[in-house]
Amino acid sequence: MADAVFSMEHVSKAFGDNVVLRDISLAVEPGEVVAIIGPSGGGKSTMLRCATTLEQIDAGTLSYGDLVVASTDADGQVSYVRGDTMRRAKSRFGLVFQSYNLFPHMTVLRNIMDAPIVVQKRDRSEVEQQARSLIAKMGLTGCEDKVPCQLSGGQQQRASIARALALNPDILFFDEPTSALDPELTGEVLKVIRQLAAEDITMIIVTHEMAFARDVADRVVFMDGGMIVEEGAPAEVFGNPRQERTRAFLARYS
Ligand code: ADP
Ligand code: MG
């Protein structure tokens with residue numbers, strides 16, 4: 001798909017004998033929000049880690065817009081772009097993990113400003129201005145000079161989202177952004193993700209929050225056993241799942 005923000009085609013990945021991703025193809029269009037659901041061990045995190053080059057794929061293609069990051073030649077050999085091209089690719093996406101991994105010794109403001117200055121070599125005052133506006137947007141006004149341990153889990157996760165957004169990525173990946181949070185803090189994080197969706201930020205969100213996925217996603221992808229078993233509009237997948245495996249999984253949540 002030429003105008004996809006992100007696409008993976010025929011991606012496979014194994015850890016030793018354990019085949020974790022089997023011929024996965026997924027393309028995301030500008031402004032689209034894709035929710036990925038499925039049982040634990042199904043390969044969701046590995047898929048995001050492959051998409052964000054934290055893990056290498058064994059076969060397939062990975063692209064961000066017009067930039068092909070990894071491809072497989074006729075002999076089945078996978079090659080990745082390097083150097084400046086890889087750096088350019090990496091600034092096209094942001095990743096927010098389950099456990100907010102902010103730098104523990106840096107203030108919230110420094111956490112957000114670090115990568116834009118160090119990696120993207122942007123102007124400090126421009127970056128600070130953007131960081132302060134992201135802090136306000138994430139409802140973190142007053143937390144600028146606090147270090148992560150002084151914040152609640154929900155505040156830390158919102159700071160992590162601000163940090164990812166500060167790189168002006170074309171797409172944001174979330175891996176179970178609320179699973180490490182107490183229920184009363186989950187809502188405030190889902191609220192800011194909802195707000196980003198309303199602003200047409202392109203996102204892939206792995207989540208166990210079914211009501212949230214149904215509500216916020218344009219498309220729902222059900223993954224199990226390293227495969228995309230079923231995908232479609234939320235009303236279809238949740239309201240009228242076609243596959244038995246999807247039905248069995250969703251039954252556990254109702
Ligand atoms: P999910 O996020 O859907 O729960 P994961 O992608 O975390 O699934 O895991 C899928 C499978 O890959 C599991 O069998 C898991 O044990 C295995 N796996 C994940 N990461 C690694 C790794 N770094 N080394 C070996 N096996 C891994
Ligand atoms: Mg996972």
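The values are calculated or read from the model by the stated rules, or taken from the named source; none is laboratory data. This is a predicted model, so every value here is computed, not measured. Here the Cβ is made from the backbone with ideal geometry for all residues, glycine too, and neighbour counts use every protein chain on show.
At least 2 residues that are buried (at least 16 other Cβ atoms within 10 Å of the Cβ) in each: list the strands (runs of 3 or more DSSP E) lying fully within the range 46-131 that qualify. Lay out the reasoning, then the answer.
On the way: elements: 59-64, 67-72, 78-80, 93-96.
By residue number, 59-64, 67-72, 93-96.
Residues in the range 29-81 that are touching a His at 6+ places or on another chain (Cβ under 9 Å) and away from ligand 2 (no atom under 13 Å from the Cβ): 4 in all. Just so you know, in the range 21-38 the residues that are under 18 Å from ARG219 (Cα atoms) and not hydrophobic (A, V, I, L, M, F, W, C) include one that is surrounded by the most Cβ atoms within 10 Å (Cβ to Cβ), and it is GLY38.
Only one residue in ALA180, ALA197 is among the small types (Gly, Ala, Ser) and either crowded, with 18+ Cβ neighbours inside 10 Å or farther than 26 Å from ASP114 by Cα (or both). Which one?
ALA197
Please pick out the residue among GLY42, GLY31 that is closer than 24 Å to PRO234 by Cα, within 16 Å of ligand 1 (Cβ to nearest atom) and in a loop (DSSP other than H, G, I, E, B).
GLY42
For ASP175, the requirement of being among the charged types (D, E, K, R), within 30 Å of ASP17 (Cα to Cα) and buried (at least 21 other Cβ atoms within 10 Å of the Cβ) is met. The set of residues from the range 158-185 being assigned to a helix (DSSP H, G or I) and either touching a Gly at 6+ places or on another chain (Cβ under 6 Å) or modelled with pLDDT of 95 or more (or both) comprises ARG158, ALA159, SER160, ILE161, ALA162, ARG163, ALA164, LEU165, LEU185. Which residue pairs have Cβ atoms under 7 Å apart, sit 6 or more places apart or on different chains, and have a first residue in the range 10-28 that is assigned to a strand (DSSP E or B) and a second that is of a type in the set (Lys, Arg) and away from ligand 2 (no atom under 16 Å from the Cβ)? From the range 10-28, the pairs are SER12/ARG22.
Among the conditions (1) surrounded by fewer than 20 Cβ atoms within 10 Å (Cβ to Cβ); (2) part of a loop (DSSP other than H, G, I, E, B); (3) in contact with a helix residue (DSSP H, G or I) (Cβ under 9 Å, 6 or more places away or on another chain), the only one that PRO241 does not satisfy is (1). Being away from ligand 1 (no atom under 16 Å from the Cβ) and modelled with pLDDT of 95 or more is true of ILE201.
Here ALA213 clears all of (1) part of a helix (DSSP H, G or I); (2) away from ligand 2 (no atom under 16 Å from the Cβ); (3) surrounded by 15 or more Cβ atoms within 10 Å (Cβ to Cβ); (4) of a type in the set (A, V, I, L, M) except the condition numbered (2).
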